[in-house]
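Working notes, beginning with the structure itself.
The values are calculated or read from the model by the stated rules, or taken from the named source; none is laboratory data. Quick caveat, the model's predicted, so the values are computed rather than measured. Reconstructed Cβ throughout: ideal geometry from the backbone, glycine too, with neighbour counts over all protein chains shown.
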Amino acid sequence: MRSTVATIYLMLFCALCRAHGDTKHDIEPIVLAPGYSELTYAAPEVGSYDLPIIKSATDSQFIDSFGRQGTLHEAMLGRVTVLSFIYTQCPDINGCPLATFVLGQLAKKIQPVQNLSENVKFLSYSFDMPNDTPKVLRKYAKSFQPTGSDWSFVRPLNETQLSRALTGYSQSVQVSDGHTFSHILRVVLIDQQLKVRNIYSTAFLHSETIMSDIKTLLNENNIADNQHDSDYWDDSQALAENNVMMSLGLPRKSPLSVARPGSVELGKRLFFDRSLSHNNTISCAMCHVPTQGFTSNELATAVGVEGRTVKRNAPSLLNVGYLNQLFYDIRENSLEQQVWSPLLAKNEMANPSIGFVIDKIKQNDEYNDEFNQVFEQGVSMSTIGEALASYQRSLIAGDSPFDRYWFSGKRDALTSSQIKGLSVFTGKGNCSSCHRIDKEYALFTDEKVHNTGIGFVEDSLTGAQKLFRAHLAEGVSITYDRTHVEPSSEPVPSDLGRYEVTQDPKDRWKFRTPGLRNVALTEPYMHNGSLGTLEDVVSFYDKAENRNGLLDPLIQPLHLSKEEKHNLVNFLKSLTSSNVAELVKLAERN
């Protein structure tokens, strides 16, 4: 049935083209928008997601198809409203006719269901004031309105009200050739409290997905017709409780408090998009792999486009939103700025310029629509940075066994070995001098740079570390002699740490203290990935062998016993958040 109706629309469109003088040589093949066909994937399950508030709905005075005056707010208040912007003479089959077709399909589905039909309103707003008179709108509406549906076709009261509506809903309209308009299709979903909750473009306009969105909004007030079994609500309640608990042990102010509605999902899409690299092969997620602690367990240092060497280990992004100092050499202090470094670095994503990235994103119509929905200024250097930063800020992972023991007073949250390891961490091992535990929260970092000796050895002319441990698979590691692979390897670039930023000789081989949360998930360790396991890290600090004139005075031999080392490693494993699996699940969801 749907394909039949779509065919009729196509025939009408072709007839319209002939009426305007097009010949068979002028007509290009037409690809119908997805809204004319069956959905090729399952619509999202009702109530399984949230629709964030984008902004308040704009009010404007109108005249309906019967000549009655009213306002948008009066028509919308108390009901979920689907608002489309159209004009009746639109010749673009994937423009206004698509919007009217999809609304018609929705109205047919909703009209027979009382608790939906009583709570859903459809509005088609014409911006063609000279031609779309009430009489014209009334005749046009008869072809689409199901009997008994609450669907109004309206036009602005005057030019002032038209401008107000178009500006308020970011609907750009320009006269094209005297009788047609150039405009971008926008259909807006508005809740009962007059808040915009979604904006659909051509690629995403489909009756089934909008129906799921409508029912999700109505579910907020327990109005929708579909009901879920108790298991669904138990799972939803558990997830809600987990979202509250996941910040246990972290600073009270959530890094997401500054995130703009819709920016997290947009940033997530950018994060996983390979086209953000120069040759469309590398995405952010390929170095910061969700299933590997948002770092890379297989590589000591990251690899960029065309296999180019990156001299540093990819840091985990879990809880990165709480940090004030970024990169191992603390050369940036905001995520919005930080994201541009890998995008432009020639050995990472290798884009030649900021403008190149912006233009590339602008060429994608879906990205353009999404950016315009989330940001008033659309695609720009700042909005790309903000979107990517927002997604990274969403990677909040607290509520570890340590947090429940330390901050909630649950004495059984840690094992006996882990409690003893905590004592080593704060006492004999002196780990907490740099990996701080504060009174109300613990990020396990002082966010300062230190020379621990690891950079000195790597850069030293007297010889680098020969034996190296590589992680091959879960629980499988090997130790090999680096001299055996050096003839076929690219030379490791020199890394002087903070010195490369300040040019102060005293800053040679100084690197930022990493946070230790979820450290058991983020091997290999150190700025160059040179230590493969937590046991290797503990042994390195216990020996403190890499003496040099700039070594941090805190680095001293610890003389830990075998049992103390074992307990300390067990304690570090207690810093794994209960929320990581959920973050991975959300990251992998399309």
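Couple of notes before you dig in:
- Contacts under 7 angstrom Cβ, first residue in region 251-266 being farther than 17 Å from residue 385 by Cβ, partner in a helix (DSSP H, G or I), 6 or more apart: 251/322
- Within region 419-457, the residues that satisfy the criterion of being among the hydrophobic types (A, V, I, L, M, F, W, C), more than 36 Å from the chain's Cα centre (by Cα) and farther than 21 Å from residue 550 by Cβ are 419, 424.
- Residue within region 191-203 that is under 17 Å from residue 58 (Cβ atoms), touching a Phe, Trp or Tyr at 6+ places or on another chain (Cβ under 6 Å), surrounded by fewer than 22 Cβ atoms within 10 Å (Cβ to Cβ) and in contact (Cβ under 8 Å) with a residue 12 or more places away in the chain present: no
- Note on region 144-194: residues that are modelled with pLDDT of 85 or more, polar (S, T, N, Q) and closer than 24 Å to residue 206 by Cβ total 6.
- For region 544-590, the set of residues classified as assigned by the TED database to the domain that holds residue 421 and either touching a strand residue (DSSP E or B) at 6+ places or on another chain (Cβ under 6 Å) or among the acidic types (Asp, Glu) (or both) consists of 545, 552, 563, 564, listed by residue number.
- Single condition residue 368 does not satisfy, out of (1) modelled with pLDDT of 95 or more; (2) over 25 Å from residue 294 (Cβ atoms); (3) under 17 Å from the mean Cα position of the chain (by Cα): (1)
- For region 463-475, the criterion of a residue being modelled with pLDDT of 95 or more and over 26 Å from residue 253 (Cα atoms) is satisfied by no position.
- Filtering 395, 422, 388 for residues that are in a loop (DSSP other than H, G, I, E, B) and buried (at least 21 other Cβ atoms within 10 Å of the Cβ) leaves a single hit, 395.
- Members of region 514-561 found to be more than 15 Å from residue 312 (Cβ to Cβ) and either without any contact (Cβ under 8 Å) to a residue 12 or more places away in the chain or of a type in the set (Val, Ile, Thr) (or both), listed by number: 519, 533, 537, 538, 549, 553, 555, 561
- Failed item in (1) modelled with pLDDT of 90 or more; (2) within 30 Å of residue 404 (Cβ to Cβ); (3) of a type in the set (A, V, I, L, M), with residue 217 passing the rest: (2)
- Taking region 511-590 and the helices (runs of 4 or more DSSP H) fully enclosed by it, the elements with 1 or more residues that are modelled with pLDDT of 95 or more and of a type in the set (Asp, Glu) are at 534-543, 562-573.
- Those residues of region 549-567 which are surrounded by 16 or more Cβ atoms within 10 Å (Cβ to Cβ) and among the polar types (S, T, N, Q), in sequence order: 567
- Sole residue being of a type outside the set (Val, Ile, Thr), touching a Gly at 6+ places or on another chain (Cβ under 9 Å) and surrounded by 15 or more Cβ atoms within 10 Å (Cβ to Cβ), chosen from 185, 162: 185
- All of (1) more than 25 Å from the chain's Cα centre (by Cα); (2) at pLDDT below 85 hold for residue 40 with one exception: (1).
- Residues that are part of a loop (DSSP other than H, G, I, E, B) and surrounded by fewer than 19 Cβ atoms within 10 Å (Cβ to Cβ), drawn from region 266-296: 272, 273, 279, 280, 281, 283
Quick grid of which residues meet (1) surrounded by fewer than 20 Cβ atoms within 10 Å (Cβ to Cβ); (2) without any contact (Cβ under 8 Å) to a residue 60 or more places away in the chain:
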residue: 302; (1), (2): no, yes
residue: 305; (1), (2): yes, yes
residue: 317; (1), (2): no, no
residue: 322; (1), (2): no, no
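- Among the residues making up region 68-87, those that are surrounded by 21 or more Cβ atoms within 10 Å (Cβ to Cβ) and either among the polar types (S, T, N, Q) or not assigned by the TED database to the domain that holds residue 156 (or both) are 81, 84.
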